[in-house]
Amino acid sequence: MKPAILAASLLALALSAPAQTPPPAPHDPAIVFPVPDLHTQIDNLISVAKTKGSSGTTIEDYGRYKIQLSARTTSGGAEVHAHWDDVMTVEQGSATLITGGTVVDAKTGADGETHGPKIDGGHSQQIHPGDVLIVHAGTPHQLLLEPNTTYAAVVIKIHEP
């Protein structure tokens, strides 16, 4: 199964669970994000990431959930989303995902998002193209890339009240 299709399937499963507030109705009864279009957008994000270290875009925002694309050429800092689950499908590159532990020098913004330079005491695991990962709201997480690695993912963010 193609990674983008798998991510869409996981989104459908996540959204079929009982919800307090239904998502806004999209303009079309079915929305398809063709893989070639996603890869074109990812290639554009990678071009930006090569100079800035990372780049991303939201391709749809329905309030309760968002569909985003993310590209990195450098490791990210540690973060904790107070109200968002992340469902990610790795499209390109490999990375080390660290989850749990404690965010070092944590700073929490008014939006509830916590950031810091790294995680102490987390669990590390390798992720590769085709892998699907879920990071629940409230979980410290960080992506570490080896030098000269390009990483890209489809990210579905699901709001948790």
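Across segment 52-78, the number of residues qualifying as basic (K, R) and assigned to a strand (DSSP E or B) comes to 2. On inspection, G121 qualifies as out of contact with any Pro (no Cβ under 9 Å at 6 or more places or on another chain), on the phi > 0 side of the Ramachandran plot and surrounded by fewer than 17 Cβ atoms within 10 Å (Cβ to Cβ). Has segment 59-77 got at least one residue that is buried (at least 17 other Cβ atoms within 10 Å of the Cβ), in contact with a His (Cβ under 7 Å, 6 or more places away or on another chain) and in contact (Cβ under 8 Å) with a residue 60 or more places away in the chain? Yes: segment 59-77 contains one or more residues that are buried (at least 17 other Cβ atoms within 10 Å of the Cβ), in contact with a His (Cβ under 7 Å, 6 or more places away or on another chain) and in contact (Cβ under 8 Å) with a residue 60 or more places away in the chain. Within segment 95-112, residues that are modelled with pLDDT under 95 have Cβ atoms under 7 Å from residues that are surrounded by 12 or more Cβ atoms within 10 Å (Cβ to Cβ) in these pairs: G112/A82; G112/H83, counting only partners at least 6 apart in sequence or on another chain.
Counting only residues that are aliphatic (A, V, I, L, M), out of contact with any Asp or Glu (no Cβ under 6 Å at 6 or more places or on another chain) and closer than 16 Å to V154 by Cα, segment 54-82 holds 3 of them. Pairs meeting the criteria (first residue in segment 145-161 and modelled with pLDDT under 95, second residue part of a strand (DSSP E or B) and not hydrophobic (A, V, I, L, M, F, W, C), beta carbons under 9 Å, at least 6 apart or on different chains) are E160/D85.
For segment 138-161, what are the residues that are assigned to a loop (DSSP other than H, G, I, E, B) and more than 17 Å from I98 (Cβ to Cβ)?
P147, N148, T150, E160, P161
Checked against (1) surrounded by fewer than 16 Cβ atoms within 10 Å (Cβ to Cβ); (2) under 14 Å from the mean Cα position of the chain (by Cα); (3) β-branched (V, I, T), T102 passes all but a single condition, namely (2).
The values are calculated or read from the model by the stated rules, or taken from the named source; none is laboratory data. Nothing here was measured: the structure is a model prediction, and the numbers come from that model. As a convention, Cβ positions derive from the backbone with ideal geometry for all residues, glycine included, and neighbour counts pool all protein chains shown.
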